[in-house]
Each structure stands twice: as structure tokens, then as C-alpha cells.
Amino acid sequence: MANTVTISALQQSLWSKDLLDDVMRDVGNVMKFVGEDDNNIIQTKRDLEREKGSNETFGMVARLTGDGVTGDDELEGNEEAMLSYDENVAIDQLRNAVRLKGKLDAQKVVYDQIKEARNKLQVWLKEMLIRQFFLKAGGVTNTTIVDTNGVTVGVRALWSNTPDFIPDADEAAGTGARYYCVERTGTASLAAADILTLDTVTNVYTMAKLANPQIQPLDIDGESLYVMFVHPLSARDLRKSSDWKTAQENAKQRSDKNPVFRAALGMWSNVVLLENEFVPWLDVSLAGNSFRGVSTGTNCAVDCARNLLCGRQAVISAQGSTDRTLTVKTFDYDNVDGVAVRYIGGYQKAMFNSKEFGVIAVDAAAAL
């Protein structure tokens, strides 16, 4: 019997199966903290891979805070109610594609154009998902926000779910239940000297520990730790400080078997510091006055990085169908090949009573 399955079709099926897993394993130092249980910065549910639906509901339960009973005091009737919250995450679709020039062009080059297109689309999807994590966690609704090269990166800020922004009053005051500005009188007074410091890290760590409900630390190698994602410009400012140099000289040696520590910028006050170029950054000359948008929110006086201290369940993610994640298609009588990728899912910051469940935004001046 003749084989009716073409080699190209088989290759497409295998690529579709592997593509998303490859992406999720390779999204820098963010996706090391993705998983289905609550000991993750990004908690993911996959129910919508198996069932139809447009959204996923997540439950979040705060720690018990009661005193219990002692001795033979009656426990029945004195039980403590669990404080539980829920967050709904809507899903949407992201797609991109590459169309090659044609068979003659493919004949002239020495590399596999379809394979190269697949790899470039994989990188694109990886970066889109990293960006979604930081936009949602940072409450960025400014769709014109740029990177340090002036390239607009906020176009999809409102994709799947509109980010919950930091309250204007918190930015104006320089502090809030889940917000910290290095300039303690607010973003409108932020000056070039108000950079990220180790003292800032200590202050934000203390804020997370004393928050009510407390931002829950992650269990990493048996230690209770928070993770702070730091923009490269803020990482530069830390590295140049004398406090940082002394801290690194006296740093406790940690196992290099754990990729979290291998990738870390360093550690301070039980906070693992991870540098990531996708941390939200605001160029006030190009992208308006705030992370909320042009003529919206509270003015930021200088260019600013929104570094993010994260605990458990900072962001929640619903993942939809992964069937045919990657598609190869031919056009013009099989002369032209095209490769497309898609992702169905959604990201959102976990909130309870209008407060972030697992993240504190830390604004610091960050000049190029």
C-alpha cells in the first residue's frame, strides 16, 4: 500500500507538537517559575486544552491568621474561615507567519528556509509571552511604550486581558499596598539620582513580608525567597554601587545546580535578583508620561524602569488548544511555502480586593 502521508505533513505534525513546549522551556529566566501548582510566579491551567471555553477561573487562598483554641476550649463553632479569592482569565489568539519567496530562491540558499522560519517564529512567540508576563505584572496599559532602542513594544499590552494598572494615588504618593517608588514623594518628583539600590530591595522585601495578606514567597531549594526582575539599566546601577560590590564579595555560595541561582544577578535580603530586558521601561520623551499611557495616569518626571518583586501566583495564565500550533502551507501551485505559528491562551495579574496578590511594582529612575 502506498504511503499517503507526505514527509512534509509528518514534519509539520511533529513541529506543532514540540513548538510550544520548546518555547515554554526557553523564555529566559521567567519561565523557570511557571507551573500548575501555586509555588510558581506564573500559575498555569491547561483545562481549556481539553475543554471548550473562553476563560478560566483561578482560586487563590490567603494564609490562616486566627489564634486557634487552647486546652479543652470548644473548637466546634470557632473554626476559621479561609479567605479565598478568584481571578478570571480570558483567552485570545496570537498568530504570525513567514512567507518564503519561492522554490528558485530556496534552491539558491544553503540553509533550510522552512526550518529557519520555524525557529524565527519560535523566538517571536517566546518574546511575545515574556512581554505579556511583564506588561500584565507591571500593570502597563501604555500601548506606545518603547524599548531602549525606541522600538514600540507595547502594541499588544491589552491582548487577552487588560492589565490592572497601579492606582494613580499610589504613584502620586510614591507608595501603596503593592507599589514602591524610589522617590518617596511620588513619580512626579522622580529624579535621575533616584536609582535602584540595595536599600530599595530591602525596603520592598520588608513591604512584601508585612503586607496583608502577605505576599507568599517561593520555596526554592528549601529557602523562602522572593524574585525581583530587574531592567538592565537598573542592574547597571546596582553593579556600579559600592554596596553591591561589597555584597558580592561576601555573598553566600549557593548551589549552581539550580538554574535560578545560575542565572541570577545576585541575591539580597532573601530576594533573588534576575536581570531581564523585557522589564517595563518608560521613555518619557517618546511614550507619554506614564506606564498607563499618554495623558493618563501620574506623570513620571524622568525615564523609569518598573522593576517587579514577585512571589507566588503573581500572574496567572490560561492555556488553550495547542492543536496545530505550527502550520506549513504552500501557495502558487506549490511554488511558495509559508509557515505560521499560533498560541491560544491568556495572561493576567492575580488581584484580590483591588490589590496585587503576588507582585510589587518598584519604580526607579533608569537613564540610558
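Numbers for the structure displayed
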{"read-out": "Sparse-neighbour loop sites [chymotrypsin sites (Phe, Trp or Tyr not before Pro); region 287-367; at most 13 other C-beta within 10 Å; DSSP]", "value": "TYR333"}
{"read-out": "For the chain, size of Cβ-based charge dipole, Lys and Arg +1, Asp and Glu -1, in debye", "value": "1780"}
{"read-out": "Angle between the chain longest axis and helix 198-210 axis [Cα atoms, degrees, rounded to 10]", "value": "80"}
{"read-out": "Listed pairs LYS52/LYS349; LYS136/LYS355; LYS101/LYS126; LYS32/LYS349 exceeding 21 Å between Cα atoms", "value": "LYS52/LYS349; LYS101/LYS126"}
{"read-out": "Residue-averaged 222 nm ellipticity for the chain, from DSSP H runs of 4+ at -39500 (n - 2.57), nearest 500", "value": "-7500 deg cm²/dmol"}
{"read-out": "Dipole axis of region 273-332 (+1 Lys, Arg; -1 Asp, Glu on Cβ), positive-most option in CYS304, VAL294, ILE316", "value": "ILE316"}
{"read-out": "5 angstrom amide H check on VAL272, placed H, neighbours 5+ away", "value": "TYR226, VAL227, MET228"}
{"read-out": "Order by protection proxy (mean Cβ within 10 Å, highest first), peptides 302-312, 267-277", "value": "302-312, 267-277"}
{"read-out": "Accessible area expressed per residue, the chain, with surrounding protein chains retained (probe 1.4 Å, Å²)", "value": "49"}
{"read-out": "GNM result for the chain, Cα springs below 10 Å: residue of ASP221, ASP37, ASP47 fluctuating most strongly", "value": "ASP221"}
{"read-out": "All aspartates and glutamates inside 17 Å of LYS240 as judged from Cα atoms, apart from same-chain residues fewer than 8 positions distant", "value": "ASP194, ASP199, GLU249, GLU275"}
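The values are calculated or read from the model by the stated rules, or taken from the named source; none is laboratory data. Since the structure is predicted, the reported quantities are computational estimates derived from the model, not experimental observations. Reconstructed Cβ throughout: ideal geometry from the backbone, glycine too, with neighbour counts over all protein chains shown. Calculation scope for accessible area: heavy atoms of the full protein, side chains included, ligands and nucleic acids excluded. Shrake-Rupley method; radii C 1.70, N 1.55, O 1.52, S 1.80 Å.
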